[in-house]
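The values are calculated or read from the model by the stated rules, or taken from the named source; none is laboratory data. Note that the structure is predicted; figures quoted are calculated from it, not measured. All Cβ positions, even for glycine, are placed from backbone atoms using ideal geometry, and neighbour counts span all protein chains on display. For the accessible areas, the whole protein counts, side chains as well, though only heavy atoms, and no ligand, DNA or RNA atoms are used. Shrake-Rupley method; radii C 1.70, N 1.55, O 1.52, S 1.80 Å.
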Amino acid sequence: MNVTSFTIDHDRLLRGIYVSRIDHVGGEALTTFDVRIKKPNTEPPIEISAIHTLEHLLAVYLRSEESGIADKIIYVGPMGCRTGMYIIVKGNMSSKDFLPYVTAAFEYVKDFEGKVPAATSKECGNYKDHNLTFAKYEANKYLSEVLLCIKDENLNYPG
Ligand SMILES: [Zn+2]
């Protein structure tokens, strides 16, 4: 088995933003970020409906002009364990350099009002399974407890 993310010691992993891997595809580097919202196996994972809403809102924001990084965003998606998101970015980028974009994206979720974007049967595979209230709660918690007071240990995987 050769899956880099399975080699990380999840017992020592804190909430934060980590470079999960850097791949080289056709001369281009792609950075996969581990945006870890919950401490693994310690606190309850994110509610399914809430992480679904987080996925929609983070993707919409990061792919918008407002984010300042839209042209580099390749992929935004939830982890199956529901403790975080994977975000793939074009180029070789550090977690420290990615931090302001992630912070702005979670601020966008925290302050979001209105209907969840693309939550219709035409645009989404499970459009009724959303929870904006919980998504906003999780965004606010991650911002105030992690992103806005980040330390080195929240930006680098445990060695
Ligand atoms: Zn959806």
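Placing unit charges on each Cβ (+1 for Lys and Arg, -1 for Asp and Glu) gives the chain a dipole about its Cα centre, and among Leu30, His52, Ala104 the Cα reaching farthest toward its positive end belongs to His52. Just in the range 87-159: which trypsin sites (Lys or Arg not before Pro) are loop by DSSP and have at most 13 other Cβ atoms within 10 Å? Sparse-neighbourhood loop trypsin sites (Lys or Arg not before Pro): Lys115, Lys122, Lys128, Lys151.
Pairs of Lys residues in the chain are counted when their Cα atoms are under 17 angstrom apart and they lie 8 or more places apart or on different chains; the count is 14. At q = 0.08, 0.19 Å⁻¹ the log10 of I(q)/I(0) for the chain amounts to -0.22, -1.27, computed by Debye summation with a single uniform scatterer per C-alpha, solvent ignored.
Please give the charge dipole size of the range 40-102, origin at the Cα centre, charges +1 on K and R Cβ atoms and -1 on D and E Cβ atoms. Round to the nearest 20 debye.
Values: 5 positive and 7 negative charges, 38 e Å.
That gives the range 40-102 a dipole magnitude of about 180 debye.
Solvent-accessible area per residue in the chain equals 54 Å², computed with a 1.4 angstrom probe and all protein chains kept.
Remark: the range 10-152 carries a charge dipole of roughly 280 debye about the Cα centre, counting +1 on each Lys and Arg Cβ and -1 on each Asp and Glu Cβ.
On the protein heavy atoms, probe 1.4 angstrom, tell me the percent of accessible surface of the range 10-152 carried by carbon and sulfur. Ligands and nucleic acids excluded, carbon and sulfur give 50 percent.
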